[in-house]
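The values are calculated or read from the model by the stated rules, or taken from the named source; none is laboratory data. These figures come from a predicted structure and were not determined experimentally. Every residue, glycine as well, gets a Cβ built from its backbone with ideal geometry; the counts of neighbours run over all protein chains shown. Remember, those area values only see protein heavy atoms, side chains included, never the ligands or the DNA or RNA. Shrake-Rupley method; radii C 1.70, N 1.55, O 1.52, S 1.80 Å.
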Amino acid sequence: MRDICFVTGNQNKIIEVEKLIKNFKIISTKDLNFYDEIPETENTIKGNAFIKSSFIYNKFNINCFSDDSGLFINALGGEPGVRSARYASEISHTEKNINLVLKNLRGEEDRSAAFQTCICLIINGKISYFEGSVKGIITSKRLGSRGFGYDPIFIPEGYERSFAQMSLEEKNKISHRSIATKKLVNFLNQK
Ligand code: ITT
């Protein structure tokens, strides 16, 4: 089986994506003894996905992909969006991020939002992008304890439970990341 590096410091993303990619062995950046945080300085998720993948590709000369994702809330003008990890403070803090979203949406009728993912793949220097998104609404309080990040406050369209109330398999059927990852898998299968 061929190796491919998933450039992420987020173990939850690896768990989700490993379930979907069968014919490549996923190497993590920890397997490369790389523990630094790569500064995400672009103002789009596509730009930040490129930063992460190109950094590791150039440093280790290894085929790799990264995922940059965010929660885009309509009533907040698309926030937290590309700043989802560091919405409430410069150091990523999930509880504070969720509290700030709930506070900013207090009294707001329009709770519509979308999770978006952009994957940047670099194979032998060739760059490809794969996108996925899922619409939904933001709850007024936390529901469920599974998943990660904003999962407890996001109910996908057509469902009555939050991502944090779903099993990994259920979330993986419909999530932004799974949509983008399935496109990546189709592409890799042709390689
Ligand atoms: P890497 O950059 O190292 O991959 P990260 O957690 O910083 O890990 P992002 O830069 O993509 O990932 O930040 C996106 C943030 O958006 C992340 O920290 C979560 O808070 C949130 N997020 C992304 N995908 C999510 C999901 O599937 N469910 C809930 N929240 C998610």
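Please list, ordered by residue number, the helices (runs of 4 or more DSSP H) wholly in the range 5-116 having 1 or more residues that are modelled with pLDDT under 95. Let's see the steps before the verdict.
Numbers: elements: 11-18, 45-60, 94-104.
The helices (runs of 4 or more DSSP H) meeting that bar are 11-18.
For the range 137-153, the condition of being open to solvent by 10 Å² or more (accessible area, probe 1.4 Å) and either over 27 Å from residue 88 (Cα atoms) or acidic (Asp, Glu) (or both) holds for none of the residues.
Within the range 117-131, one or more residues are in contact with a His (Cβ under 6 Å, 6 or more places away or on another chain) and within 10 Å of the ligand (Cβ to nearest atom). Every condition in (1) open to solvent by 30 Å² or more (accessible area, probe 1.4 Å); (2) hydrophobic (A, V, I, L, M, F, W, C); (3) farther than 22 Å from residue 175 by Cβ holds for residue 85 except the one numbered (3). Across the range 15-41, which residue is most open to solvent (accessible area, probe 1.4 Å) among those that are within 9 Å of the ligand (Cβ to nearest atom) and out of contact with any Leu (no Cβ under 9 Å at 6 or more places or on another chain)? Among them, the one singled out is 37.
Looking at the range 154-180, which of its residues are of a type in the set (A, V, I, L, M, F, W, C) and either open to solvent by 10 Å² or more (accessible area, probe 1.4 Å) or farther than 17 Å from residue 13 by Cβ (or both)? If the condition is that a residue be of a type in the set (A, V, I, L, M, F, W, C) and either open to solvent by 10 Å² or more (accessible area, probe 1.4 Å) or farther than 17 Å from residue 13 by Cβ (or both), then 155, 168, 174, 179 are the ones that fit.
Which one is farthest from the ligand (Cβ to nearest atom), of the residues in the range 73-88 that are among the hydrophobic types (A, V, I, L, M, F, W, C) and within 12 Å of the chain's Cα centre (by Cα)? Within the range 73-88, the match that is farthest from the ligand (Cβ to nearest atom) is 82.
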